[in-house]
Amino acid sequence: MSRRVEFFQGTLDSTGEIDEARIFDTTLRDGEQSPRTSFSYEDKREIAEVLDEMGTHVIEAGFPVNSDAEFEAVSDIAESTRHSTVCGLARVVDKDIEAALDSGVGMVHVFCSTSDVQLEDSMHASREEAVERSVDAVERVKEAGATCMFSPMDATRTDEAFLSEVVEAVSKAGTDWINIPDTCGVATPRRFYDMVEGVVGTANEAATEVGQGEVYVDVHTHDDFGLASANAISGYEAGATQSQVSVNGIGERAGNAAYEEVVMSLESLYDVDTGIDTTRIVELSRIVEEKSGIDVPANKPIVGSNAFSHESGIHAAGVIENSDTFEPGVMTPEMVGAKRELVLGKHTGQHSVRERLEEEGFAPTDEEVREVTRRVKDYGAEQGRVTLAHLKEFAREIGVTREEVRV
C-alpha cells in the first residue's frame, strides 16, 4: 500500500503551506511529568527504541541532572540510539549543563523563564540576569561542541519586546535552535503564528548580523484549551521547522501536542513526508499507554478505539461500499497500524449486520438479515454494545444457515 493517499478535490486540494517538518519527541521528559506517571529505566529504553526505529528526528530522553538513575537512562539511550538525535534538558545552571553534556547527548536543551510572573515568583531573577544567564548557557553548550536549543520559557506570556531581546541575544551567542514554548497553553493558532513568524525573522537577522549560521525554530505547545496540535501546525505554517510532541499527548496538566495527531496531520493533510514510519503509531501508542498508566480515550484521534470504528447504519453502509465516504480519505487505518471495525449496537443497520454475518461464515437471506438487525438494535438499546458472540447467538436462534451447509 502506498504510504500516502491521493488528495480529494476541494478544500484539501492545496498542500503548499509547509515545506519541511521535523518531529521532536518529549514523551520521556515532559510526558513523564504527567501527574502520577513515572517511567522505569526499562520503560524509557523500550519507548526510545521504538521512537528511534520509526525515524523520529529528536528524542528528549530526560533531565540528566535530576538523579543518578535519570542520568544513566539518558546516557544509555544516547549511546544506543541509531537514527534519532538524543537531547537532554538543562536549566541555565552550570551543574545542569555539565550533567547533560556528560551524559553524551547530541543536543542540549537549555531553558530560562522570560515571563515576568515566572521571573519574579519562580526563578527569582531580573530580566537582565535572565538574558545574561541564557547567553552564558548557550555559549557553554556550543563550546562543548554539542547542538544547542534554547527555550524562553513561558514565551506566550512574555512581554513581546523582552522576548525579542532574549531571542536576539541567544541568536548572536550561537544557538542552533530556538524553541518557542506555550508553557501554560494560552496560545491560539493565529496569535501563535504571528509570534513564531516574528521569532524566525528576529533570530536570523540577529545571527546574520554577527556572522552566525541559520537559527532554526521549534515550538512546544500545551493542551490546556485543547489547541496544542493546532498550535503546533500553525507554528509550522509560520516557518518553524520542528515541533515538540508527546505520544498520546501526555504531559504536564492537560498534556502536549500529540505525536500521532501532529505527524498524521503533516502527512495526510499537508502531504509532507516526515520520514517517520507511521504504520507503527498505534503500536507506539499502546506501549506508552501501558507504561504511563494513562488510558487512551476511545475517541482519541488516530489511536483511540473509535478512531476507525462505525456503528451508525448510514455510515457503516457507506464505508462498506467505499471507506472514503465516512472516513478522511487521506488517512486510512492501515497507514497508522490500526484496523477498521464495524461496531454492533442500537444504531446498526442491515449492511453492517450482513457484512459481519458473512465474515463469520453465515449465508443469511434478506429476511434473516432484517430479523437479526432488529434483535441487534433491541439488545443494543437495552444493554449497550452488542458483541460478536451475541450476533452469532441471534443468527443461530432464528436458524441462519452456514455458507458451507448450503453448498
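The values are calculated or read from the model by the stated rules, or taken from the named source; none is laboratory data. Note that the structure is a prediction, hence the values are computed from the model and not measured. Quick reminder, even Gly has a Cβ in these numbers, built from the backbone with ideal geometry, and neighbours come from all protein chains shown. Areas reflect the complete protein model, heavy atoms only, side chains present, ligands, DNA and RNA absent. Shrake-Rupley method; radii C 1.70, N 1.55, O 1.52, S 1.80 Å.
Some observations on this one:
- Once the C-beta distance of Asp116 and Phe225 is scaled by a Förster radius of 22 Å, the resulting FRET efficiency is 0.50 to the nearest 0.05.
- Surface analysis of the stretch 190-313 yields an accessible area of 37 Å² per residue, using protein heavy atoms and a 1.4 Å probe.
- A run of the chain free of exposed loop cleavage sites, with trypsin sites (Lys or Arg not before Pro) counted only in DSSP states other than H, G, I, E and B and at most 12 other beta carbons within 10 Å, reaches its longest extent at 83-338.
- Remark: the stretch 242-248, residue by residue, has Karplus-estimated 3J(HN,Hα) of 8, 10, 9, 9, 9, 5, 6 Hz, where x stands for each Gly or Pro and the curve is 6.51 cos²θ - 1.76 cosθ + 1.60 at θ = phi - 60°.
- Most mobile of Glu261, Glu197, Glu160 in a GNM of the chain (Cα contacts under 10 Å): Glu160
- Gyration tensor (alpha-carbon) shape descriptor, the stretch 1-159, a/c threshold 1.5: oblate
- Take every DSSP beta bridge whose two residues both sit in the chain; close to 10 percent of them are antiparallel.
- Rg and Dmax [Cα atoms of the stretch 207-315; Å; Rg one decimal, Dmax integer]: 16.3, 65
- Cα shape, the stretch 257-388, gyration tensor, a/c 1.5 rule: prolate
- Classified by the C-alpha gyration tensor, the stretch 217-256 has a prolate form. Its axis ratio a/c, with a ≥ b ≥ c, is 1.5 or above, and a/b is larger than b/c.
- Averaging the Cα positions of each part gives two centres, and for the stretch 120-145 and the stretch 19-45 these lie 25 Å apart.
- Distance violations [Cα-Cα > 27 Å] among Lys291/Lys339; Lys95/Lys172; Lys142/Lys291; Lys95/Lys142: Lys142/Lys291
- Take the stretch 350-407 with all the other protein chains still there, run a 1.4 Å probe, and you get 61 Å² of accessible area per residue.
- Potential extension, Glu53-Arg385 segment - 0.36 nm per residue separation minus Cα distance: 115.8 nm
- Here the contact order of the stretch 333-404, divided by its residue count and restricted to Cα pairs under 8 Å and six or more residues apart, works out to 39 percent.
- Structure-based [θ]222 nm, the chain - -39500 (n - 2.57) summed over DSSP H runs of at least 4, per residue, nearest 500: -13000 deg cm²/dmol
- Global size of the stretch 38-117 as Cα Rg and Dmax, reported in angstrom: 12.8, 41
- Helices assigned as whole DSSP H runs in the chain whose Cα atoms extend at least 15 Å along their own long axis and whose mean Kyte-Doolittle hydropathy is -0.5 or higher are found at 68-80, 160-173, 189-209, 281-292.
- Highest GNM mean-square fluctuation among Val93, Val263, Val141, for the chain modelled with Cα contacts below 10 Å: Val93.
- Residue with peak Gaussian network fluctuation, the chain [Cα springs, cutoff 10 Å], from Ser243, Ser151, Ser323: Ser323
- Among beta bridges that DSSP assigns inside the stretch 162-310, antiparallel share in %, nearest 5: 10 percent
- The Cα atoms of the chain define a convex hull whose projected area, averaged across directions, is 23.0 nm².
- With every protein chain in place, the chain: carbon and sulfur % of accessible area (1.4 Å): 45 percent
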